[in-house]
Amino acid sequence: MRSSSHTSFGLAAEVDRLKDLLPATGRMRVHITGQPTQSQVMLVTFPWPWRQDWSISLNFPLWLLLPEPQRDLLILRAVCWLQGIQWFRPGWGQGLALVGGLGVLMEATQGDGVGVLVGAGLTLVAARQILQSYRYPGYELQADEAALRVAQRRNYSESEAALHLAAAIQSVADLENRTHLGFLEMLRVQNLEALAGRPVPGVPQAWRTAQMPKPQS
């Protein structure tokens, strides 16, 4: 029992430490939980617009095997990724989703089944386009770079932060017993090493199409 209470205290201290690192918006919205049975070191739930909290679950037995700087950069990167997803920013996808949603409500009140189906279809198409825009490599790269900017306000240099995050990507793959990195992970590592000043090719500009808002401090 005593060992269990000490362990719980240590995990709570780690959660508090991580929250202290976060930008102000992230600190208010992020909900960090422990999930020791999940296979991933960190699992970030997609922030659907009806969810007020941003959910991040950690496999603490694996998470605590990572060096502290790697843990810092991983949590900052996760929150920057979450913070950048904006469902209601101006854009045709969001506009189409709004029109479709309003159409569903109007047609439902009038009892028009066909109109409801059309409106729902528009909403689904728009939601799919929005989701795809946040899965594009450019958005992932910009989330990494946003994390580096926040890390520089947490006493890391840009090169240190970039190397810690690149190492964390590989460390997570090792802890999850994956034999190799995925394509997107390799692209991210390449970009981070280039930002750290290592002699590796930079990522072509063609990958950078998504726009990432500046994180709050």
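Here, each number is a calculation from the coordinates, and none is a lab measurement. Owing to the predicted nature of the structure, the values given are computational and were not obtained by experimental measurement. Cβ placement follows ideal geometry from the backbone for every residue including glycine, while neighbour counts extend to all protein chains displayed.
Around the amide H of Trp54, modelled in the peptide plane, lie the amide H atoms of Val30, His31, all under 5 Å away and 5 or more residues distant in sequence or on another chain.
In terms of surrounding Cβ atoms within a 10 Å radius of their Cβ, Ser159, Ser39 rank from fewest to most as Ser39, Ser159. Evaluating 6.51 cos²θ - 1.76 cosθ + 1.60 at θ = phi - 60° for every residue in segment 194-200, the Karplus couplings come out as 5, 5, 7, x, 6, x, 10 Hz, glycine and proline recorded as x. Look at Phe46, Phe60 and count the other Cβ atoms within 10 Å of each Cβ; fewest to most, that gives Phe46, Phe60.
Centre-to-centre, using Cα atoms only, segment 45-71 and segment 14-30 are separated by 11 Å. Taking other Cβ atoms within 10 Å as a rough exposure proxy, Tyr156, Tyr136 sort from fewest to most as Tyr136, Tyr156.
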